[in-house]
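Worksheet: one structure, shown below.
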Amino acid sequence: MAKVSLMETPAVPTSIRATTAARVAAGDGLPTTMVEVGGEQWSIKLDSGARYSVVGTDWMLRGERLQEAAPVDAVEGIGGFVLDVIGVWSVQMRNAFGQIVEIRACIINRCTEEFLVGVDFLEKHRASLDFNSNEVSYVVHNRWVIIPFRTEGGDGAKVASVRLVKRYSWGAAQ
């Protein structure tokens with residue numbers, strides 16, 4: 001089971017008798033980039049804490065299903081909820097410079113529009129994630145591919161997601 005930075009939002013009543021399904025989305029603070037798919041602009045998030053790239057079911061219409069086994073059967077979001085993986089899709093997109101970027105990702109159930117680029121993509125391309133220049137860069141066929149990203153929230157504040165791996169108390173034995 002792989003872990004990803006997804007959070008579950010409880011169902012919201014839309015009327016006395018109807019309730020929308022719980023929404024699963026990435027938490028704010030992840031580096032985000034804009035890409036073009038099918039002539040439309042979409043935001044995708046870079047999650048160096050996610051072992052695999054994952055996308056919501058809406059992305060099935062924007063990509064192509066691959067005839068290969070998914071690397072995992074399910075992913076675990078923040079808070080411990082589990083989302084089933086329904087397959088692997090390949091999505092071709094254009095970055096801000098018009099370069100073609102292809103990402104293979106696991107389609108996950110109960111998530112619709114999220115796109116999280118995981119460590120699998122970074123490792124496959126031997127990509128660098130540079131927070132000084134706010135870009136992911138890698139080489140394909142002797143040409144640099146640059147994916148610029150932003151790490152600011154909507155109000156202009158700098159935000160970043162961090163994970164506590166191990167807690168230390170300096171000067172005290174654990």
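The values are calculated or read from the model by the stated rules, or taken from the named source; none is laboratory data. All values derive from a computational prediction rather than experimental measurement. Every residue, glycine as well, gets a Cβ built from its backbone with ideal geometry; the counts of neighbours run over all protein chains shown.
Below are the figures for this structure:
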item	result
Subset of segment 136-174 that is assigned to a loop (DSSP other than H, G, I, E, B) and of a type in the set (D, E, K, R) - its residue that is modelled with the lowest pLDDT	Arg163
Ala26 at negative phi, buried (at least 20 other Cβ atoms within 10 Å of the Cβ), in contact with a helix residue (DSSP H, G or I) (Cβ under 7 Å, 6 or more places away or on another chain) and at pLDDT below 95	no
Failed item in (1) out of contact with any Leu (no Cβ under 6 Å at 6 or more places or on another chain); (2) at pLDDT below 95; (3) in a loop (DSSP other than H, G, I, E, B), with Ala50 passing the rest	(1)
Selection status of Arg17, at pLDDT 95 or above, exposed (fewer than 14 other Cβ atoms within 10 Å of the Cβ) and not polar (S, T, N, Q)	no
Subset of segment 96-135 (residues that are within 22 Å of Gln41 (Cβ to Cβ), part of a strand (DSSP E or B) and without any contact (Cβ under 8 Å) to a residue 40 or more places away in the chain)	Ile100, Glu102, Glu135
Counted residues, segment 55-114 - those being surrounded by 14 or more Cβ atoms within 10 Å (Cβ to Cβ) and among the small types (Gly, Ala, Ser)	8
Residue ID - nearest to Glu113 (Cα to Cα), chosen from residues in segment 53-82 that are among the aliphatic types (A, V, I, L, M) and not in a loop (DSSP other than H, G, I, E, B)	Val55
